[in-house]
Amino acid sequence: MVAKLTTNVPYNAKVTIGGGHAGSGWCMTELPPWLDGALKAAGAEFYDGKPAGSYGMGGSIPFLCELGKMYPETQIVALGVLGPKSNAHGPNEMINLGYTKKLTCALTHVIASVAHS
């Protein structure tokens with residue numbers, strides 16, 4: 001990458017390349033049954049009967065890693081709005097409003113379930 005960016009640079013431009021970000025990654029812990037059930041039920045209610053699912057994505061979420069260190073007994077769930085055609089981190093990144101509204105409703109149901117845990 002460095003060679004490509006610094007070789008035959010047009011218009012006598014000066015190219016400077018510095019170090020990158022090296023944050024610690026984060027891995028979600030196993031959810032307690034009440035929270036796992038609340039997430040699946042909220043997913044099913046707002047996403048056409050489909051229970052919530054999860055998967056790993058991205059290289060690291062340093063902020064969540066730091067929160068996990070500060071509050072090791074706290075359950076942390078990372079939610080995102082990567083709905084249809086969101087094109088995450090692209091020049092035309094956008095939020096799908098319909099998907100975001102569903103996620104917001106599902107999250108309120110999960111939060112309300114805390115009182116019953």
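Non-local amide H neighbours of W26 (under 5 Å, H modeled in plane, Pro and chain starts lacking H): which ones?
Placed amide hydrogens put I61 under 5 Å from W26.
Taking neighbour counts of Cβ atoms within 10 Å as a proxy for exposure, in what order, fewest first, do F63, F46 appear?
Final ranking by Cβ density, sparse to dense: F63, F46.
Would you mind computing the Rg to Rh ratio of segment 22-116 from its alpha-carbon coordinates, Kirkwood style for Rh?
0.98
Among T7, Y47, N96, pick out the residue whose Cα is farthest towards the positive end of the charge dipole of the chain, where Lys and Arg carry +1 and Asp and Glu carry -1 on C-beta, about the Cα centre.
Toward the positive end, the furthest listed residue is T7.
Just to be sure I understand the model, the point goes 7 Å from the Cα along the line to the Cβ. What's the resulting V114 to Y47 distance in nm?
Here the answer is 2.1 nm between the modelled labels.
Mean Kyte-Doolittle of at least 0.5 and a Cα length of 15 Å or more along the axis: which whole DSSP H helices of the chain meet both?
Result, helices passing both filters: 97-113.
Rule-based calculations on the coordinates, nothing more; no lab input. Every value quoted in this text rests on a predicted model; they were computed, and no experiment measured them. With ideal geometry, Cβ positions are generated from the backbone for all residues, glycine too; neighbour counts draw on all protein chains shown.
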